[in-house]
């Protein structure tokens, strides 16, 4: 009888611990629908990249990201590919990567990581359409 009470208490404590761990697990903050950026990119690194692209083009997030399909929400659907500008940005990112690798692969930091010489800012200079003069 005493053994079954100990087992019941231990099982209850284990169940409470399991429920507590599940309740405190952080939400899955990984970005969805990444096609050119690393799938395991940190939220902070993704924000840095997006901020640099916004600055280079002189735009806000809604330039590439579509509004949420939920009309009551005023948020953007970051995973959506509804706006063609998002795929253009992917293409441009890959293009600058190829240019840097082919022509500027010698440009490396002290750890041997390639430093991009050509960036969005090289051509855009704060303009979403670099062929247009501000």
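Structure above, values below:
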| item | result |
| --- | --- |
| Qualifying residue in region 47-54 (condition: in contact (Cβ under 8 Å) with a residue 24 or more places away in the chain, surrounded by 12 or more Cβ atoms within 10 Å (Cβ to Cβ) and not in a loop (DSSP other than H, G, I, E, B)) | yes |
| Any chance residue 67 is surrounded by 11 or more Cβ atoms within 10 Å (Cβ to Cβ) and touching a helix residue (DSSP H, G or I) at 6+ places or on another chain (Cβ under 8 Å) | no |
| Candidates 96, 72, 117 - the one that is over 17 Å from the mean Cα position of the chain (by Cα) and not in a loop (DSSP other than H, G, I, E, B) | 96 |
| Positions within region 55-66 being in contact with a strand residue (DSSP E or B) (Cβ under 6 Å, 6 or more places away or on another chain) and outside any helix (DSSP H, G or I), in sequence order | 65, 66 |
| Hey, residue 65 over 20 Å from the mean Cα position of the chain (by Cα) and modelled with pLDDT of 95 or more or not | no |
| Flag if residue 31 is surrounded by 10 or more Cβ atoms within 10 Å (Cβ to Cβ), in a loop (DSSP other than H, G, I, E, B) and in contact with a strand residue (DSSP E or B) (Cβ under 9 Å, 6 or more places away or on another chain) | no |
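The values are calculated or read from the model by the stated rules, or taken from the named source; none is laboratory data. Computed from a predicted structure; not experimentally measured. Virtual Cβ from ideal backbone geometry, glycine too; neighbours counted across all protein chains shown.
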